[in-house]
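Report on the structure given below.
The values are calculated or read from the model by the stated rules, or taken from the named source; none is laboratory data. Values in this document were obtained by computation on a predicted structure and should not be read as measured data. Virtual Cβ from ideal backbone geometry, glycine too; neighbours counted across all protein chains shown. Quick note on the areas: whole protein, heavy atoms, side chains included, nothing else; ligands and nucleic acids left out. Shrake-Rupley method; radii C 1.70, N 1.55, O 1.52, S 1.80 Å.
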Amino acid sequence: MGQINRDDMLELTRRFTSARSNLVRIAGAYIDEEGYIDGTFNTSFLSLKGAEKNRCLDIAKAIPFAKPNEKLIQYKIPGLGPGSIWQMIYAIRECELKNDALMLNLYELIAEKYPKGRPYAIYVYYGAYDVPIKGSDKSYQDESEEVYKYLIMAISPVDEKQVPHSPEAGFLYPAFTNRSTDINHANFYSQDYEEARELMKFLNLEDAK
């Protein structure tokens, strides 16, 4: 496990406001208490309005805003080999959530491997952040150094109206390390480590170093 630099996270999270969010797209599924998919959606994040936009933004923010190296922990992924879960996640990032077959496959796998005995929602976000050049005086320049393209996945309990609340687990991928894209690491979030162990096993992170 590596250490998450708090300044890197602060740079990323300060863009998570309704007015200047760099989230581009959101997709998700609702899983019933028996582990079956009970509806999906896939839309532009920019098309969301008002309270719905703020609710979805709050769920996304909970992952990178979590206390680094305590609730949000960096893990080395086991690789992007053929047939691996991380190959799928990488492909989902590359298509910017626009491949419905890939998204459905992900939801089905999570529903199978993350049984809860209660309904929950899976929200997946795609974002793109133009990383500005940082001057020698640590001030940001107008020019962009690279585009950090990332996914946030959040698993949230839902109420009787299928409205998701604060996530119980999720991840940020790729990690944002030294102000740059780090495809070899993911930042995993959990409210309760024991509760999230099944999801970590599914992502092959439980024994990652």
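For helix 100-113, report the angle its Cα long axis makes with the longest principal axis of the Cα atoms of the chain; keep it between 0 and 90° and round to the nearest 10°. Relative to the chain, helix 100-113 is tipped by roughly 60 degrees.
Rolling a 1.4 angstrom probe over the protein heavy atoms with all chains in place gives the stretch 1-145 an accessible area of 52 Å² per residue.
The count of lysine pairs in the stretch 57-209 that are at least 8 places apart or cross chains, and whose C-alpha atoms lie under 14 Å apart, stands at 5. Judged by the ratio a/c of the largest to the smallest principal axis of the C-alpha gyration tensor, the chain counts as prolate, that ratio being 1.5 or greater while a/b is larger than b/c. Computed over protein heavy atoms with a 1.4 Å probe, the carbon and sulfur contribution to the accessible area of the chain reaches 47%. Computed over the stretch 6-127, relative contact order equals 42 percent, with contacts defined as Cα pairs under 8 Å that lie 6+ residues apart. Based on the convex hull around the alpha carbon atoms, the stretch 113-203 presents an average projected area of 7.7 nm². Over the stretch 89-132, the reciprocal of the mean inverse Cα-Cα separation, the Kirkwood hydrodynamic radius, stands at 12.1 Å. Annotation: for a label point projected 7 angstrom from Cα along Cα→Cβ of LYS134, residues of the stretch 50-90 with backbone N closer than 18 Å are 65, 68-69. Projecting label points 7 angstrom from Cα along Cα→Cβ for ASP192 and HIS165 puts them 1.3 nm apart. Summed over qualifying helices (DSSP H, 4 residues or more, each -39500 (n - 2.57)) and divided by its residue number, the chain shows a 222 nm mean residue ellipticity of -8000 deg cm²/dmol.
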